[in-house]
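Chemist: So that we are looking at the same thing, I have put the structure below in structure tokens.
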Amino acid sequence: MTFLLCVAVTLVVICVFALLSSVGGFLIGATDYITGFTELELSHMVDVRNIFVWVFILTPIILVASIVFLVKQKDWKGMLWGSAIFIDLVLIIGLAFLINFDWAFELFHDVFFPQGNWQFSVDSAIITTFPLSYFVTVVIVTTAISISFATMLLILSIRRVIKKA
């Protein structure tokens with residue numbers, strides 16, 4: 001459950017970035033937030049919105065369920081392992097982006113947008129709206145916050161496990 005709590009916190013960070021972007025209103029259902037996009041760009045943005053609908057629905061559920069479970073169970077060893085595994089996974093993903101951002105970015109899009117409507121010319125409205133620097137910032141900030149949160153849980157659980165021993 002600790003792993004899921006860390007995932008939920010990560011999703012909250014991603015949601016905040018998305019909602020604060022210039023198309024945040026579009027992601028929550030408004031149709032007048034996107035102007036100047038081609039039909040293909042709009043198609044991709046609809047696919048993005050469909051993913052975010054699920055993220056917006058599942059994140060609070062995961063967040064509340066994992067907190068309730070952790071509070072009731074007080075499974076400190078489970079919290080230790082969950083946070084450690086989460087940190088390892090985020091570091092691996094973060095390193096993939098650091099070593100070859102383009103490859104990791106393409107892999108992400110191949111997984112979440114397999115229909116292939118995510119590649120656009122550099123002068124397109126969608127690339128102008130979301131330049132590479134936007135995504136680099138999202139990855140760096142999300143990774144930093146996620147690892148920081150998981151590290152706090154890791155430290156807390158280590159202290160509790162040591163205290164119980």
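Chemist: Of the peptides 145-156, 55-66, how do they stack up when ordered by the mean number of other Cβ atoms within 10 Å, highest first?
Modeler: Result, highest mean Cβ count within 10 Å first: 145-156, 55-66.
Chemist: Shifting gears a bit: Return an integer: the convex hull volume of the alpha-carbon atoms of the range 2-164, in Å³ per residue. The partial results should precede the final answer.
Modeler: Details: hull volume 17.6 nm³, N = 163.
In the range 2-164, the Cα convex hull volume per residue is 108 Å³.
Chemist: Further, regarding this structure: Would you work out which of Ile61, Ile28, Ile155 lies farthest towards the positive end of the dipole of the chain, given +1 charges on the beta-carbon of Lys and Arg and -1 on that of Asp and Glu, about the Cα centre?
Modeler: Value computed over the given set: Ile155.
Chemist: Another question about this same structure. What is the helix-to-structure angle for 2-20, meaning the angle in degrees between its Cα long axis and the longest Cα principal axis of the chain, kept from 0 to 90 and rounded to the nearest 10?
Modeler: 30
Chemist: Note down the magnitude of the dipole of the chain about its Cα centre, charges +1 on Lys and Arg C-beta and -1 on Asp and Glu C-beta and zero elsewhere, to the nearest 20 debye. Write out the running numbers ahead of the final one.
Modeler: Working: 8 positive and 10 negative charges, 294 e Å.
Taking the Cα centre of the chain as origin, the dipole is about 1420 debye.
Chemist: When the helix-only estimate is applied to the chain (DSSP H runs of n ≥ 4, each -39,500 (n - 2.57), divided by the residue count), what is the mean residue ellipticity at 222 nm, nearest 500 deg cm²/dmol? Intermediate values should be presented prior to the final figure.
Modeler: Numbers: 7 runs with 132 residues, N = 165.
Helix-only estimate at 222 nm: -27500 deg cm²/dmol.
Chemist: Are there trypsin sites (Lys or Arg not before Pro) in the range 89-165 that DSSP puts in a loop and that have at most 13 other Cβ atoms within 10 Å, and which ones?
Modeler: Values: sites: Arg159, Arg160, Lys163, Lys164; in loops: none.
Those that pass, being in a loop and sparsely packed, number zero.
Chemist: Shifting gears a bit: I'd like to compare 75-82, 108-115: which one has the highest average count of other Cβ atoms within 10 Å, and what's the full order after that? Please list the in-between numbers first.
Modeler: On the way: 75-82: 18.1, 108-115: 11.9.
In descending order of packing, they fall as 75-82, 108-115.
Chemist: Then there is this: What's the FRET efficiency of Asn50 with Val71 using the Cβ-Cβ distance as r and R₀ = 22 Å, to the nearest 0.05?
Modeler: Details: r = 33 Å, r/R0 = 1.50.
E between Asn50 and Val71, to the nearest 0.05, is 0.10.
Chemist: If you plug each phi of the range 57-70 into the Karplus form 6.51 cos²θ - 1.76 cosθ + 1.60 with θ = phi - 60°, what whole-Hz ³J(HN,Hα) values come out, in order, with x for Gly and Pro?
Modeler: Here the 3J(HN,Hα) series is 7, 7, 4, x, 5, 4, 4, 5, 4, 5, 5, 4, 4, 5 Hz.
Coordinate-derived values only; no laboratory data. Quick caveat, the model's predicted, so the values are computed rather than measured. Cβ coordinates were reconstructed from backbone atoms using ideal geometry, including for glycine residues, and neighbour counts include every protein chain displayed.
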